[in-house]
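The values are calculated or read from the model by the stated rules, or taken from the named source; none is laboratory data. In this text the structure is predicted, and so the values were computed from the model without any measurement. Every residue, glycine among them, receives a Cβ derived from its backbone with ideal geometry; neighbour counts consider all protein chains shown. Side chains are part of the model used for accessible areas, which takes the heavy atoms of the whole protein and leaves out ligands, DNA and RNA. Shrake-Rupley method; radii C 1.70, N 1.55, O 1.52, S 1.80 Å.
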Amino acid sequence: MSVDDGPSTAGQQRPPLRADAQRSVDALLAAAAEVFAESGVDAPVRKITAKAGVGAGTFYRHFPQRSDLISAVFRREVDACAAAAPALTAQYPPLDALTRWLERFAGFIATKRGLSAALHSGDPVYDSLPCYFQQNFEPVLADLLERAAQAGAIRSDADPWDLLRAIGNLAVPLEDGDDHTQRMISLLVDGLRYGAGAGAQPS
């Protein structure tokens, strides 16, 4: 299911939305992402609808439960973060692309105020999100690591899932400042560079 299609019921995928309805969903998801980053996932619905420029009826038609909205926002932002990797790979040398994507990923984690509690709330809407997270991020990071290792910039034995979990544990909320997270990422990257293959071409 595309996250922009709104929630499905009984495991069935909804038909594609009309263009105007799709615009409303896109506006709601973008607004909710901003509001969640500022105020957490429990922010009032009226704050989201006001930012999106739609009414409460439109909101509840597409997202009957708050968990439907949180899930859709999460999936949309996972997709955007994962999609940033190819552009970075095309624009920067392998080690720079890896470092910039890790910083992008850390920013993604830092803006998810209250998401951990929601994911552990027992709501079945969230059951598939951890798997969605891993399935989208692990291959992306594996590719970035492989490119950097082939360039001789880092060691070749780094596990992408371990690194994702490490960044997730290190990331701090943006209001606490992101200098700490950036310093920790720099330390992790320095660790990856230790024992880099001498025979490969440097990045």
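Scanning the range 115-144 for residues that are among the β-branched types (Val, Ile, Thr) and open to solvent by 40 Å² or more (accessible area, probe 1.4 Å) returns a single hit, 125. If you go through the range 45-80 and keep only what is open to solvent by 10 Å² or more (accessible area, probe 1.4 Å), touching a Leu at 6+ places or on another chain (Cβ under 7 Å) and not in a helix (DSSP H, G or I), you end up with just 54. Checked across the range 146-165, the condition of being part of a loop (DSSP other than H, G, I, E, B), surrounded by fewer than 18 Cβ atoms within 10 Å (Cβ to Cβ) and touching a His at 6+ places or on another chain (Cβ under 8 Å) holds for no residue.
Any residue in the range 58-67 that is out of contact with any Asp or Glu (no Cβ under 9 Å at 6 or more places or on another chain), of a type in the set (S, T, N, Q) and without any contact (Cβ under 8 Å) to a residue 60 or more places away in the chain? Within the range 58-67, one or more residues are out of contact with any Asp or Glu (no Cβ under 9 Å at 6 or more places or on another chain), of a type in the set (S, T, N, Q) and without any contact (Cβ under 8 Å) to a residue 60 or more places away in the chain. In the range 30-44, is there at least one residue being under 29 Å from residue 154 (Cα atoms), touching a Ser or Thr at 6+ places or on another chain (Cβ under 9 Å), modelled with pLDDT under 95 and in a helix (DSSP H, G or I)? No, that holds for no residue. The condition (being in contact (Cβ under 8 Å) with a residue 60 or more places away in the chain and either of a type in the set (A, V, I, L, M, F, W, C) or under 25 Å from residue 180 (Cβ atoms) (or both)) is satisfied by just one residue among 38, 103, 77: 103.
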